[in-house]
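Have a look at the structure below, then the notes.
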Amino acid sequence: MKLATLKDGTRDGKLVVVSKDLTRYCAADNIAPTLQAALDDWETVAPKLEALYTDVEHQAVPCERFHEREAHSPLPRAYQWADGSAYINHVELVRKARGAEVPESFYHDPLMYQGGSDTFLAPRDDIPLKDTKWGCDMEGEIAVITDDVPMGVSSEEAVSHIKLVMLVNDVSLRGLIPGELAKGFGFFQSKPASAFSPVCVTPDELGDAWQNSVIHLPLMVDYNGEPFGRANAGADATFSLADLVAHAAKTRNLGAGTIIGSGTVSNQDENGGAGKPVSEGGLGYSCIAEIRMIETIADGEAKTRFMAPGDTVRVEMKDAEGHSIFGAIEQEVVAA
């Protein structure tokens, strides 16, 4: 099924069930007022939402037109948002650009940071930027939402705790990252509010594209109206999303509504190299930092600038028939 949260003037919005083709919705607040409320009692609530989804698909209930611009991120705020590093190619490029080796542990022990989850941007909200020197960047990723996950679950056990899947633009301020990492405490100011796709879906909606807790489809990132990234989320994934859930739960329980991100989707080229821009026939990149790394490695300096007011980004994923699965994140950078 497909779920969304509509803006209604409250912090947490109104839960709705959305048709498969993203054209219609039916309010679900008589079942659960918000998505968080549904996740808190998922075992009881999910079958009722599934029944409503079936009715929506069969046009057996009154529906209204679904407009993605009216949607908030599926969870406008969450108890926890943690972002991992499923695509080690991205990590390798980051480190190679500054002459550092990737520790061997990174290939079996994923990186993860805890992001700010008290407020998320809506998928059509502007990205506020106070200073272009902060190096504003987008990061196209996949994210999952869990139910209650007990401490110490294995990756195999974590699969059943993944209840919903969505896309994310994990906004990063690259210019602030080095100073924060140098303190030894990790990201904080360099990770402002992120935005998630208008719709989240249950894994079964992905059909054969959902294999081993990874989506085997291209993540489409457009920058200023031009194709920027078409990396396949099912390729070059060192860790699955279930692996990342298990990693997060190693020493703690995860509460229902926890969001776990994949990290920047990143592919190698056919020869195991860094990959080429879409304009040169490659799969491109899901963030600006990656092309800057490649420029630095090749030419000694980065040429592509980070985002500035007026720049736009669009993140979307389509099924094998070319239909949008989650709707699109469409954002413009504006001066704060």
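The values are calculated or read from the model by the stated rules, or taken from the named source; none is laboratory data. Only a predicted model underlies this, so the values are computations on that prediction, with no experimental measurement involved. When we count neighbours, we look across all protein chains shown, and the Cβ atoms used for this are built from the backbone with ideal geometry, even at glycine. The accessibility values were calculated without ligands, DNA or RNA, using every heavy atom of the protein model including side chains. Shrake-Rupley method; radii C 1.70, N 1.55, O 1.52, S 1.80 Å.
Tabulated data
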quantity: Assigned charges on the beta-carbon of Lys, Arg, Asp, Glu; the stretch 1-66 dipole about Cα centre (debye); calculated: 280
quantity: Dipole-positive endmost among ALA193, VAL221, GLY207 within the stretch 173-228 (Cβ charges, Cα centre); calculated: ALA193
quantity: Violating pairs (Cα-Cα greater than 18 angstrom) within the set LYS133/LYS303; LYS191/LYS250; LYS130/LYS303; LYS2/LYS318; calculated: LYS191/LYS250; LYS130/LYS303
quantity: Solvent-accessible area per residue, Å², over the stretch 124-179 with all protein chains present [probe radius 1.4 Å]; calculated: 37
quantity: Tilt relative to the chain, helix 88-97 - C-alpha long axis, 0 to 90 degrees, to 10; calculated: 30
quantity: log₁₀ of I(q)/I(0) at q = 0.07, 0.13 Å⁻¹ - the chain, Debye sum with one point per alpha carbon; calculated: -0.26, -0.95
quantity: Rounded accessible area per residue of the stretch 5-116, 1.4 Å, Å²; calculated: 51
quantity: Net length gained if the chain between THR251 and ARG69 were fully extended (0.36 nm per residue, minus Cα distance); calculated: 61.7 nm
quantity: Among PRO277, ALA336, ILE325 - extreme Cα towards positive end, dipole of the chain, charges at beta-carbon; calculated: ALA336
quantity: Furthest towards positive pole of dipole, CYS26, SER73, PRO47, structure part the stretch 1-116, Cβ charges; calculated: SER73
quantity: Using alpha-carbon coordinates, inclination of helix 288-299 to the longest axis of the chain, degrees; calculated: 20
quantity: Heavy-atom accessible surface of the stretch 69-194: percent carbon and sulfur, 1.4 Å; calculated: 53
quantity: Spin-label pair GLU57/LYS303, simplified geometry with 7 Å Cα→Cβ offset, distance in nm; calculated: 4.9
